[in-house]
Ligand SMILES: [Zn+2]
C-alpha cells in the first residue's frame, strides 16, 4: 500500500496544517450548526478529501470526543474501511458523474441507513457537466435535514455561481514546509526509512505544499533505495533540479551583473516550456522568502539548502525590494505590452545596471538612464548606419541644446522616446534615419515593428515626441523599407538576443 493511503489522516489532529478549516468544522459540530453544503477549495494534496471523510466520521460517530471522531466505533471503522453506506463519494471527473448525480437526486430523500447524516463527497466538482450541476442545484435548493454535501475542487472559479452561493466555502492552502516536514518525519520513524534532513527538505520543497506528492516521492525513492540509507545524490538523480534551484541560479546570474546570461537564461527557461508569467510570479514569491529570511522571519518556510541563504547576502534589502517591485510592475503591465518577454528583459537590464552603480548614485535617474541606453545598445548591436547617423546627429545636437539643457535632434528624440515609451524606442533600433531637409525618413526593415509603429496610438506618440525634438518644420515619414540581407542579419542578431522573430 502506498504511504499516502497508509498514512491518510483518520482524525482531525492527524492532518498536516489546515488548522483554520478544521477549527471551522469542529466549531460547527460543537455548536450543532452543521451546514448542508461546503466547498473545499485548494490545490491537490492539501487534504480536502481526507478532511471531508473525517468530517463524515465526526458527524456520525457514536462516541465523539472533543469534536474528534473516536476511531473505534462501528461507524468510524466502516468509514475508515470505505464501506459505510451513508458516505457516498462521487468522482465528477469520471464518466459516471452525471448518472451518479441523477441517482443522488432520487435517493437523497430516503433517510440514512445507519448514521445520522448522509454525506456526499463530490471530488473534482468543477468537472461536473452543466446538466449535472443543474441536477445538483435542485437538490441544494431544498436539502433534506439529513444531507451534507462536500464539493472538493482544485478550480473554484469553474463552479457556477448558483451552486457557489448555496455553499459555505473553505479554502485549503498549500501545506507549509515546516508542518509537512514534521508530519513526514513521524511517518519515516514508523516506517524505519533511513533518510537525512537535507534529503527530506528537498522532497518537501519539490512537492510545493502537496502532501500526496511528497509521500509519493518518498515512496518511489525508498523503493529504489531498497532498505539502504537514502543518500542526497540519489534524491538529486531521481527528482532532478527543483524550481528553487533554478531561481537560485537565476538570482546568482543577476548578482553577477551578467546581462547576456540574464537574457539567455530567460530564453532557455521559456524555451523549456516555462510560462513567463509563472516564472515572474515564482521569482516574486522566492524573493519574498529571501526578504523574510533577511529580517529573520522564516519560521514558516525554509530553504532547500544553505546556499540560498548565502545568496540573500549578495543583495541588499533595498535591492531585493526594488527587484520585487520591478517584477510586480512587469506582471501588471504585461497584458498591455506587445512583447511581454521584452518588458521583463528591459526591466532586468535596468536592475543589473543599477547594481553596477556606485551607492550614492543608485536610483538616480540621470546617471542611471545613460547607462541603460548604452547597455541596451550593446545588447541590441545597433547597425552601423544608425551609429553613423547618431554621430552626425550628435555633432549637430551640441549646438541645438535648448536653454533648459534638454537635447533635441535625433539623439534627443531617441532619449525622450526611451524615457516615455521604451518599447517604441526599442522598435526603432536597427532602423535607418535619413534627414532630407523638410522630411526625416525612418526606414523600418522589420515588418513587425513597422506594423506596430503604424498603429495610430503608437504613430501619434512617436510623431509627438518627434515634434518636440525637431520642431514643427520637419515632417516624419515612417517607411516600410525593403529588406537588405546584411541588415536583416544584424536585426536577426539583435532579435535573437531577445528571443524575438522577424515577421515576414
Ligand atoms: Zn466513532
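The values are calculated or read from the model by the stated rules, or taken from the named source; none is laboratory data. The structure displayed is predicted, hence computed values, not measured ones. Quick reminder, even Gly has a Cβ in these numbers, built from the backbone with ideal geometry, and neighbours come from all protein chains shown.
Restricting the first residue to segment 1-21 and requiring it to be surrounded by fewer than 17 Cβ atoms within 10 Å (Cβ to Cβ), which pairs with a second residue that is part of a helix (DSSP H, G or I) and at pLDDT below 90 meet a Cβ separation below 8 Å and a spacing of at least six or different chains?
Cβ pairs passing all conditions: 2/216; 2/219.
Per-residue answers, yes or no, for (1) modelled with pLDDT of 85 or more; (2) part of a helix (DSSP H, G or I):
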{"residue": "254", "(1), (2)": "yes, yes"}
{"residue": "260", "(1), (2)": "yes, yes"}
{"residue": "279", "(1), (2)": "no, yes"}
{"residue": "284", "(1), (2)": "yes, yes"}
{"residue": "291", "(1), (2)": "no, yes"}
{"residue": "315", "(1), (2)": "no, no"}
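Within segment 22-64, which residues are free of Cβ contacts under 8 Å to residues at least 12 places away in the same chain and assigned to a loop (DSSP other than H, G, I, E, B)?
Once the filter is applied, which keeps residues that are free of Cβ contacts under 8 Å to residues at least 12 places away in the same chain and assigned to a loop (DSSP other than H, G, I, E, B), segment 22-64 yields 31, 32, 33, 63.
For the structure I just gave you, tell me whether residue 46 is closer than 25 Å to residue 182 by Cβ, out of contact with any helix residue (DSSP H, G or I) (no Cβ under 6 Å at 6 or more places or on another chain) and surrounded by fewer than 23 Cβ atoms within 10 Å (Cβ to Cβ).
no
Do we find a residue being within 9 Å of the ligand (Cβ to nearest atom) and touching a helix residue (DSSP H, G or I) at 6+ places or on another chain (Cβ under 8 Å) anywhere in segment 11-25? Steps first, please.
We begin by selecting, within segment 11-25, every residue within 9 Å of the ligand (Cβ to nearest atom); these are none.
No, because not a single residue in segment 11-25 is within 9 Å of the ligand (Cβ to nearest atom) and touching a helix residue (DSSP H, G or I) at 6+ places or on another chain (Cβ under 8 Å).
Out of segment 65-75, which residues are within 8 Å of the ligand (Cβ to nearest atom) and in a loop (DSSP other than H, G, I, E, B)?
Across segment 65-75, the qualifying residues are 69, 70, 71, 72, 73.
Got at least one residue in segment 58-67 being closer than 21 Å to residue 122 by Cα, under 33 Å from the mean Cα position of the chain (by Cα) and either crowded, with 18+ Cβ neighbours inside 10 Å or modelled with pLDDT under 95 (or both)?
no
Only one of these conditions is not met by residue 226: (1) surrounded by fewer than 16 Cβ atoms within 10 Å (Cβ to Cβ); (2) within 21 Å of residue 286 (Cβ to Cβ). Which number is it?
The single condition residue 226 does not satisfy is (2).
Does residue 267 meet the test of being surrounded by 14 or more Cβ atoms within 10 Å (Cβ to Cβ) and under 18 Å from residue 311 (Cα atoms)?
So residue 267 fails the test.
Please find, within segment 76-100, the residue that is nearest to the ligand (Cβ to nearest atom) out of those that are surrounded by 23 or more Cβ atoms within 10 Å (Cβ to Cβ) and in a helix (DSSP H, G or I).
Within segment 76-100, the match that is nearest to the ligand (Cβ to nearest atom) is 76.
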